[in-house]
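Here is the structure we will look at, set down as structure tokens.
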Amino acid sequence: MSHDRDALHDRHSPALPSSRGPLSAGVLALLRGEGPPPGAELAAEADPYGDDLQLALYCCYELHYRGFAGVDPALEWDPALLTVRRAMENRFLGALRQDVEVHRDVRSAVKELETEPVEGSGASWFLRDEGELRHLREYAAMRSVYHLKEADPHAWVLPRLWGRAKAAMVSVEFDEFGGGRAERVHAKLFADLMADLGLETAYGVYLEHSPAPALAVVNLMSLLGLHRALRGALVGHFAAVEITSSPGSRRLAEAMRRTGAGPAAEFFYDEHVEADAVHEQVVRHEVIGGLLEEEPYLEDDVVFGMDATVFLEDRLGDHVMACWQAGRPALRSPLPEPVAVSA
Amino acid sequence: MPNDPSERTPAPGTSQRPAEARRVVVPRRGPMLVDGPVEVELEDGTVASSDRFRVALCTCRLSERYPWCDTSHRRRR
Ligand code: FES
């Protein structure tokens, strides 16, 4: 019996990116069906935050989301690939456990997150005050590796929660997924924003352009989402995102308005100002509160998830600002000129 | 009596919510949380509406998206 090769090989999925070193070259060769997986010792030696490991890990994880065009979807559970993925995860997670300064408890971590500086120095402040359209386009392109799968990795935690935490997490996810309306799914709203900025909107198009610090942010959520043992950290990560999103989104909405980026571009961030002001409350009180009521021993993990998220977001912000201040693009390769902007 | 309607309690998850009082969460600081959808009539007579599963109503009056909270109530350093 012959199989439909297209159906088996995810024809509509994104293309494989180019490699960034021996580890990612090995993983990509395996995905193309052209070689054995790279040895786990390569992972142990790689820079835990560098392009090679982060891209290789991103590609392993992508098999759990939409896969890649021409890649056998069964590789998602290939034991040899999972072995090297595990080695990369250990390297990445080990580095985070060593480098991230953790708060004493959830209370102090939340308190710091919700204290807004009067003047900040991150990318959203720069974009609000002096960002040009080219900066906004770069920022959107590198954020698309997450926003086009917005809230997807967090759905993996649902079967691992129960009671209050589960009910609350589901309601926030329902809101992220558009409250039952396809045109309001947050990932779709982001695609509309990209169209306003003259970017391509297809899933995964800008993986090739995205620098390691942008991939690391997404890899953290995939890592925490896929491992039940890290459910506390996933919840902490989600809380950190929701608590910091609303003020950041306000600055980005202002940036979109000031540059005349377009109505969908403004709407994406305006929607996040309002939605995440709600989500923050629900996640803090219901999701974290509910989880720690059931499993109080997870508090350290929740704190680690929050602090690791801030750590990686700060690294990304530093990278972006260093590039822009030096007059360089923050992406690995320049963006093509804007594609025809939708009317 | 198993079939006596007066003794039947709703199965879990099927409680008739509209018949219940709507609970509003009022924190010391920060927004008031109300289950959506809601309509908020403002002083000038205009009505803001939201069909989100829950809405955060600004109580500090600092929000630029009033009546919705935009986290302007937070402490600044
Ligand atoms: S209560 Fe949050 S902005 Fe006013």
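The values are calculated or read from the model by the stated rules, or taken from the named source; none is laboratory data. Being a predicted model, the structure only gives us computed values, none of them experimental. Don't worry about glycine lacking a Cβ; one is built from the backbone with ideal geometry, like all the others, and counts go over all protein chains shown. To get the accessible areas, we keep the full protein, side chains included, count just its heavy atoms, and leave off ligands, DNA and RNA. Shrake-Rupley method; radii C 1.70, N 1.55, O 1.52, S 1.80 Å.
Residue A:273: under 22 Å from residue A:190 (Cβ atoms), part of a helix (DSSP H, G or I) and touching a Ser or Thr at 6+ places or on another chain (Cβ under 7 Å), yes or no? Quick ask: steps written out before the conclusion?
Numbers: under 22 Å from residue A:190 (Cβ atoms): yes; part of a helix (DSSP H, G or I): yes; touching a Ser or Thr at 6+ places or on another chain (Cβ under 7 Å): yes.
The answer is yes for residue A:273.
I need the full set of residues from region B:43-65 which are more than 7 Å from the ligand (Cβ to nearest atom), of a type outside the set (S, T, N, Q) and more than 14 Å from residue A:274 (Cα to Cα), in order please.
B:43, B:44, B:45, B:47
Within region A:302-338, which residues are open to solvent by 60 Å² or more (accessible area, probe 1.4 Å), small (Gly, Ala, Ser) and in contact (Cβ under 8 Å) with a residue 40 or more places away in the chain? Walk me through it before giving the result.
In the first step, residues of region A:302-338 are kept if they are open to solvent by 60 Å² or more (accessible area, probe 1.4 Å); the result is A:314-315, A:318, A:325-329, A:332, A:334, A:336-338.
Add one more test, that the residue is small (Gly, Ala, Ser), and what stays is A:326-327.
Those that are open to solvent by 60 Å² or more (accessible area, probe 1.4 Å), small (Gly, Ala, Ser) and in contact (Cβ under 8 Å) with a residue 40 or more places away in the chain: none in region A:302-338.
From the set of residues in region B:27-42 that are without any contact (Cβ under 8 Å) to a residue 24 or more places away in the chain and within 16 Å of the ligand (Cβ to nearest atom), which is farthest from the chain's Cα centre (by Cα)?
Among those residues, the one meeting the criterion is B:28.
Residue under question is residue A:164, and the condition is that it be open to solvent by 50 Å² or more (accessible area, probe 1.4 Å) and touching an Asp or Glu at 6+ places or on another chain (Cβ under 7 Å); does it hold? Give the derivation first.
Working: open to solvent by 50 Å² or more (accessible area, probe 1.4 Å): yes; touching an Asp or Glu at 6+ places or on another chain (Cβ under 7 Å): yes.
Yes; evaluated as a whole, the condition is true for this residue.
Can you find a residue in region A:206-220 that is in contact (Cβ under 8 Å) with a residue 60 or more places away in the chain, touching a Pro at 6+ places or on another chain (Cβ under 7 Å) and either more than 14 Å from chain B (Cβ to nearest Cβ) or in a loop (DSSP other than H, G, I, E, B) (or both)?
Among the residues of region A:206-220, at least one is in contact (Cβ under 8 Å) with a residue 60 or more places away in the chain, touching a Pro at 6+ places or on another chain (Cβ under 7 Å) and either more than 14 Å from chain B (Cβ to nearest Cβ) or in a loop (DSSP other than H, G, I, E, B) (or both), which makes the answer yes.
Which one is farthest from the other protein chains (Cβ to nearest Cβ), of the residues in region B:66-77 that are open to solvent by 70 Å² or more (accessible area, probe 1.4 Å) and within 12 Å of the ligand (Cβ to nearest atom)?
Of all residues in region B:66-77, those open to solvent by 70 Å² or more (accessible area, probe 1.4 Å) come to B:66, B:75-77.
If we keep only those that are within 12 Å of the ligand (Cβ to nearest atom) too, we end up with B:66, B:75.
Working: B:66: 11, B:75: 5 Å.
Ranking the qualifying residues of region B:66-77, first place goes to B:66.
Pick out the one residue from A:173, A:150, A:116 that is open to solvent by less than 30 Å² (accessible area, probe 1.4 Å), under 30 Å from residue B:51 (Cα atoms) and in contact with a Phe, Trp or Tyr (Cβ under 8 Å, 6 or more places away or on another chain).
Answer to the selection: A:150.
Determine whether region B:4-24 contains at least one residue that is within 16 Å of the ligand (Cβ to nearest atom) and either modelled with pLDDT of 95 or more or not hydrophobic (A, V, I, L, M, F, W, C) (or both).
No: zero hits.
Looking only at residues that are more than 7 Å from every other protein chain (Cβ to nearest Cβ), in a loop (DSSP other than H, G, I, E, B) and not β-branched (Val, Ile, Thr) in region B:52-65, which one is nearest to residue A:280 (Cα to Cα)? Steps first, answer last, please.
If we filter region B:52-65 for residues that are more than 7 Å from every other protein chain (Cβ to nearest Cβ), which is where we start, we get B:57-64.
Now drop any that are not in a loop (DSSP other than H, G, I, E, B), which leaves B:58-64.
Now restrict to residues that are not β-branched (Val, Ile, Thr): B:58, B:60-64.
Working: B:58: 14, B:60: 17, B:61: 19, B:62: 18, B:63: 16, B:64: 18 Å.
Going through the qualifying residues, I end up with B:58.
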